[in-house]
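Worksheet for the structure shown next.
The values are calculated or read from the model by the stated rules, or taken from the named source; none is laboratory data. Given the structure is predicted, the values throughout are model-derived calculations rather than measurements. So basically every Cβ, Gly included, is an ideal-geometry build from the backbone, and we count neighbours across all protein chains shown. The area values use the complete protein model at the heavy-atom level, side chains included, leaving out ligands, DNA and RNA. Shrake-Rupley method; radii C 1.70, N 1.55, O 1.52, S 1.80 Å.
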Amino acid sequence: MSSQSRHQNKKKEAAASDKSLIIKAYLLTYNILSAAGWSFILYHTLAHIFSFPVSSPSLFANINARVVGVIGGGGLGGLGGLLQPPFVWVPSFVPAHLTPFYRRACTTYDAVGGTTALVQTAATLEVLHVLFGLVRSSLSTTTIQVASRLFSVWAIAAGFSSAQRSPFYATMVLSWALTEVIRYTFYATSLLGWEPAPLLWARYSTFYLLYPTGAGSEALVNLATLPISFASGSSSSSNTWFWILPFAQWNTYTLFRGALFVIWWPGLYPMYTHMIKQRRKVFGGQRLGAKPKTH
């Protein structure tokens, strides 16, 4: 090989190395910012539901209020309908000592709805990461997961006050936030060459609980947008509740959302089993809670 060829090869290797460092720096920044965004959402959701003390409004809190205001029709300078506390109907089966938490869960959208929509929308970049080969992941799986959440935050939560007042909006956001804080923190530490065992376990184990609660809550928030009524029929021996479907109020978009609710549940199975398979690759099929294999 001539000296000129060796020189060209060195230049190519140096260029490839520089490109790799740039991509790594970008992905590290993306994951750190994403973890920070979901940490903010997690803290403020918990603070809202459990009445934690919250400091003076931050930049993120102001952004949340403005985004929710725009969605609610209040314009960039207003807060829409948030100036008056919303009426929250509490079902009779909710115990009295849980009523305050239920009421606050039903108003979680006011606290974090706008921020959640923005942070989740930023996750659209993950589809591009896979598409351009920046990360090794399934394009179809990533696209389905991102599209599902975007539909929930923009087409459902942002479009229907009944979805915003659903207590399942709170469980949906909590499940998402816990999942993403763990996931993005794990990715960031992995890029730095460090995978703490507790974080590794949490990354590949917490989905057993958080995926059903998150995806199930998405479906139930969607259900809250459908024109469904309830009626009770009581007798001396029992009380029975009936669902009433006023199909005269159902249009094409309503039927579409209703169909999504029905297919949502069987659709959880392939995604859930995919994550179980991913866990087995890491832990070698060991039982839940076992240490990963060492190589």
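For every residue, the table says whether it meets (1) open to solvent by 60 Å² or more (accessible area, probe 1.4 Å); (2) at pLDDT 95 or above; (3) closer than 30 Å to ARG183 by Cβ.
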residue: GLN4; (1), (2), (3): yes, no, no
residue: LYS10; (1), (2), (3): yes, no, no
residue: PHE40; (1), (2), (3): no, yes, yes
residue: SER58; (1), (2), (3): no, no, yes
residue: PHE87; (1), (2), (3): yes, no, no
Exercise for the section: Test ALA122 against the criterion of being more than 23 Å from PHE256 (Cβ to Cβ) and surrounded by fewer than 14 Cβ atoms within 10 Å (Cβ to Cβ), and give yes or no. Expected result: yes
Exercise for the section: Can you confirm whether region 226-238 contains a residue that is surrounded by fewer than 18 Cβ atoms within 10 Å (Cβ to Cβ), at pLDDT below 95 and β-branched (Val, Ile, Thr)? Expected result: yes
Problem - region 125-161, residues that are in a loop (DSSP other than H, G, I, E, B), in contact with a helix residue (DSSP H, G or I) (Cβ under 7 Å, 6 or more places away or on another chain) and closer than 27 Å to VAL112 by Cα - result: ALA158
Problem - Residues (at positive phi and open to solvent by less than 30 Å² (accessible area, probe 1.4 Å)) located in region 174-207 - result: none
Exercise for the section: Would you be able to tell me the number of residues in region 139-160 that are free of Cβ contacts under 8 Å to residues at least 12 places away in the same chain and more than 24 Å from LEU42 (Cβ to Cβ)? Expected result: 1
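Out of THR252, THR171, report the one residue that is at pLDDT 95 or above, open to solvent by 50 Å² or more (accessible area, probe 1.4 Å) and of a type in the set (S, T, N, Q).
The conditions single out THR171.
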